[in-house]
Ligand code: NOJ
Ligand code: NOJ
């Protein structure tokens with residue numbers, strides 16, 4: 001990635017962290033995990049406003065990314081982190097932690113408000129573009145910094161989390177609440193996904209512009225589940241139905257690196273982008289979009305698919321040599337893993353969420369094989385299996401005959417449909433009740449056991465780098481293992497919780513992948529076109545300004561150096577009424593920077609581009625104008641393509657511009 005988006009100082013990699021303390025060596029892994037799960041849930045709650053001890057300035061239901069304001073400043077709320085965290089909390093609630101219900105309902109309230117915030121990408125109404133904003137202030141107001149935006153995984157993930165809770169409500173007499181309060185929020189997100197799923201956007205690491213595996217897979221999940229959920233509520237979602245197969249087609253056909261035998265994290269990236277594509281992106285995707293009842297076909301990249309297992313091996317192997325803390329670990333065993341091998345953020349280190357997801361995906365895959373009562377090894381997955389089970393061979397391994405699955409609601413035979421039933425395992429998992437043993441049956445159980453042991457190895461690596469108080473930061477140092485970057489990071493803690501759930505045989509309800517229609521024969525990436533977005537008033541959203549506007553996409557060619565960014569400023573409110581630092585631009589096709597704003601009709605909009613340097617904001621020389629037409633049907637869009645001019649007025653800190661009602 002080129003310089004301008006390097007928003008955070010890298011110097012922190014030199015910081016000394018707390019000494020590493022091993023959790024009492026006397027605890028078994030099971031005991032450690034049970035204890036850490038409680039610590040992690042408590043740590044998550046401490047980061048949710050306003051009652052959480054570390055989030056007292058956050059609004060009700062706001063999940064802060066982390067409490068730290070330096071190295072780096074994570075006292076913001078991300079749509080993604082929040083949704084994935086509450087996804088974990090949902091599942092804790094479902095298995096009996098009743099006190100979490102109010103947390104979930106507060107989250108719902110916060111998200112209804114978040115959808116209506118005026119963002120640097122625009123608003124909820126009329127274009128829905130504001131939903132693609134990744135990051136907000138913790139009182140749910142606009143974040144003005146230059147950032148990698150849009151990040152359209154956010155709405156998909158939020159819809160998934162909210163539908164998980166709706167699923168619970170429908171089984172517990174909550175139909176009216178689901179329809180009135182929650183579904184209107186979900187609808188905005190589903191429409192956004194249906195309209196915008198194929199746009200060039202930033203990946204979950206907020207660095208790469210293109211189309212990203214994690215984002216696309218999560219979008220597919222949201223639309224499939226959205227179509228089912230609409231039906232269960234007595235509605236329909238035609239946009240979900242029309243777009244889900246297209247997203248599936250795109251997912252199936254674009255993200256496989258045949259030479260390297262791994263998922264390619266990002267495609268349609270800018271010229272000059274040169275990473276291997278090996279990235280934990282696929283792990284977070286496979287874990288988030290895991291469906292216990294799903295098939296293992298490569299097209300859907302479920303944990304049990306050959307492609308995900310092969311990617312797991314390529315990914316883990318890519319960290320064996322590069323992190324000094326992995327020295328001396330067995331060549332076929334678990335190691336510390338990070339976002340992607342080329343990472344340089346804070347020096348490029350292992351991340352807790354990534355190592356935990358390396359375990360989680362293996363628990364998921366083993367559970368799917370167990371549910372299906374069989375496991376097929378092909379040439380793609382063979383190297384993965386051979387490292388765990390040297391005599392593994394291409395072919396199908398069947399469970400011992402008569403293999404039954406135990407659920408909370410009873411037993412099912414393998415292969416039997418369990419849609420609509422809660423799908424976590426009771427204690428004591430499935431076991432054979434059969435008569436005529438099957439020659440390969442014991443290999444089946446042995447392979448699953450070796451996968452589980454391997455998965456436990458990743459949890460043990462995390463345990464090694466767990467501090468005495470049990471709270472995780474974002475990263476642990478590649479050389480010393482000391483924690484660094486963003487202490488008490490909410491989604492590190494949430495990742496521990498979901499890993500534990502899967503390890504304990506607790507699975508989210510199926511989202512319906514098993515019943516999807518076959519893939520279309522050719523893919524269409526056009527999306528569903530403009531949709532009607534509306535605030536979820538009954539959930540607590542404020543009314544939004546619905547006066548007719550003209551959307552303008554400003555584009556400017558501006559070559560910048562490391563540490564400088566571009567803003568646009570002008571005489572309308574979306575341009576900050578001439579504030580220099582209100583409307584940040586984003587360079588998905590650097591050196592072209594762009595910003596989307598909504599302008600009143602029939603107006604002469606004056607504007608100028610501003611370079612943000614570390615010490616000041618420098619306006620370009622002279623103003624420009626663009627005149628908006630009549631609003632027409634409310635769907636008028638304009639765009640510019642300008643070249644930035646030389647420096648004009650310089651605004652330094654503590655300067656009050658006479659034209660403006662603000663000072664800096
Ligand atoms: C902040 C982002 O959140 C992080 O993912 C990224 O690596 C750094 N900025 C550097 O671009
Ligand atoms: C940086 C990560 O790259 C991004 O995925 C995350 O959303 C933010 N930090 C906040 O945790």
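A short reminder: the numbers here are calculations on the coordinates, not readings from a lab. Predicted model only: the values in this text are computed from it and were never measured. Cβ atoms come from the backbone with ideal geometry, glycine included; neighbour counts cover every protein chain shown.
Please order 321, 598, 207, 225 by the number of other Cβ within 10 Å, starting at the fewest. Going from sparsest to densest Cβ surroundings: 321, 207, 598, 225.
Under the simplified labelling scheme, the residue 526-residue 73 pair shows an inter-label distance of 4.4 nm, with each label point 7 Å from Cα along Cα→Cβ. Could you work out the helix-only [θ] at 222 nm for the chain, with each DSSP H run of four or more residues adding -39,500 (n - 2.57) and the total divided by the number of residues, to the nearest 500 deg cm²/dmol? Calculated at 222 nm, the ellipticity per residue is -10500 deg cm²/dmol. In this simple spin-label model, placing a label point 7 Å from the Cα along the Cα-to-Cβ direction at both residue 99 and residue 515 gives a separation of 3.8 nm.
Per-residue extension of 0.36 nm, minus the Cα-Cα distance of residue 640 and residue 573, leaves a gain of 22.3 nm for this segment.
Ordering of 105-114, 492-501, 230-239 by packing is 492-501, 105-114, 230-239, highest average first (other Cβ atoms within 10 Å, averaged per residue).
Taking label points 7 Å from Cα along the Cα-to-Cβ direction, residue 329 and residue 142 give a separation of 4.5 nm.
Of the beta bridges in region 547-651, as assigned by DSSP with both residues counted there, near 85 percent are antiparallel. In plain terms, the chain from residue 386 to residue 276 could stretch by 37.2 nm, reckoned as 0.36 nm per residue minus the Cα-Cα distance. When only alpha carbons are used to place a centre, region 53-114 and region 557-600 end up 30 Å from one another. Here region 248-267 is scanned for amide nitrogen atoms under 15 Å from the site 7 Å beyond the Cα of residue 379 along Cα-to-Cβ, giving 258-262. Multiplying the residue separation of residue 25 and residue 603 by 0.36 nm and removing their Cα-Cα distance gives an extension gain of 201.1 nm.
Among 592, 325, a tally of other beta-carbon atoms within 10 Å of each Cβ gives an order, fewest to most, of 592, 325.
Helix 213-232: angle to the longest alpha-carbon principal axis of the chain, degrees 0 to 90, nearest 10? Helix 213-232 and the main axis of the chain meet at about 80 degrees.
Computed from Cα positions, the angle between helix 441-464 and the longest principal axis of the chain comes to roughly 50 degrees. Relative to the longest principal axis of the Cα atoms of the chain, helix 306-320 runs at roughly 80 degrees. Take every DSSP beta bridge whose two residues both sit in the chain; close to 90 percent of them are antiparallel.
Once R0 is set to 60 Å, what does the formula 1/(1 + (r/R0)^6) return for the Cβ-Cβ distance between residue 625 and residue 34, expressed as a FRET efficiency to the nearest 0.05? The formula returns an efficiency of 0.40 here. As a length-normalised measure over Cα pairs under 8 Å and 6 or more apart, the relative contact order of region 547-651 settles at 35 percent.
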